[in-house]
Amino acid sequence: MTVRAKEILDGKFWILEDQGVKIATLSLSDDRYILSDTNGTRFVKNAKQIEKSFGKIDWAKLEITEVTNKEVHGFDTSCIPHNPLFDVKNKLPLFTKSPKSKSLYCAGYFIIRFEKGWVKSFCPKLITLERYEYKGPFKTNLEMRTELSKANAK
């Protein structure tokens, strides 16, 4: 039996799998490892002690392919967008945070005027923009901050 150790955090946290099934987790804390499996949680000093419990371990790096498409109609979003659309009337790039969600968010940077004054916002809910005065969307944080300074100066 060869157990595969998938590295999740570089040199800090691993998931131990046997034929694709998770059998334990392993984390590094100071000078010792913390091993958690069906037998409970225990401290071990080195990889040899771990191999006594599980047999030979293949220490593989986990390859994560990150989805970098976090934008809607050229405006950045706070998460991977779902159901992108464009509100032509208000000129707002809209999206939901999950495929089945009904809450619409606006991509980009905004400034919103609440009772206490103008505040910055990144990907606010559409309902917030419908209730309060706003300026945006801005493509960059710098553009938004510049407009916020102008609004607060008035």
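The values are calculated or read from the model by the stated rules, or taken from the named source; none is laboratory data. Just so we're clear, the structure is a prediction, and the values are computed from it rather than from any experiment. Cβ: placed from backbone, ideal geometry, glycine included. Neighbour counts: every protein chain shown.
Only one entry of 21, 3, 88 meets the criterion of being farther than 24 Å from residue 135 by Cα, surrounded by fewer than 14 Cβ atoms within 10 Å (Cβ to Cβ) and among the aliphatic types (A, V, I, L, M), and that entry is 21. Among the residues of the stretch 110-145, those that are surrounded by 15 or more Cβ atoms within 10 Å (Cβ to Cβ), part of a helix (DSSP H, G or I) and among the hydrophobic types (A, V, I, L, M, F, W, C) comprise 126, 129, 144.
One line per residue, one yes/no per condition, for (1) modelled with pLDDT of 95 or more; (2) out of contact with any helix residue (DSSP H, G or I) (no Cβ under 7 Å at 6 or more places or on another chain):
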site	(1), (2)
96	yes, yes
113	yes, yes
116	no, yes
124	yes, yes
127	yes, yes
134	yes, yes
138	yes, no
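Within the stretch 76-109, restricting attention to residues that are within 15 Å of the chain's Cα centre (by Cα) and in a loop (DSSP other than H, G, I, E, B), which residue is farthest from residue 146 (Cα to Cα)? Applying the filter and picking the extreme gives 98.
Test residue 74 against the stated conditions and say whether it is without any contact (Cβ under 8 Å) to a residue 60 or more places away in the chain, on the phi > 0 side of the Ramachandran plot and not acidic (Asp, Glu).
no
Assess whether residue 53 counts as being surrounded by 15 or more Cβ atoms within 10 Å (Cβ to Cβ), free of Cβ contacts under 8 Å to residues at least 40 places away in the same chain and outside the structural domain of residue 147 (by TED's automatic domain parsing). Criteria met by residue 53.
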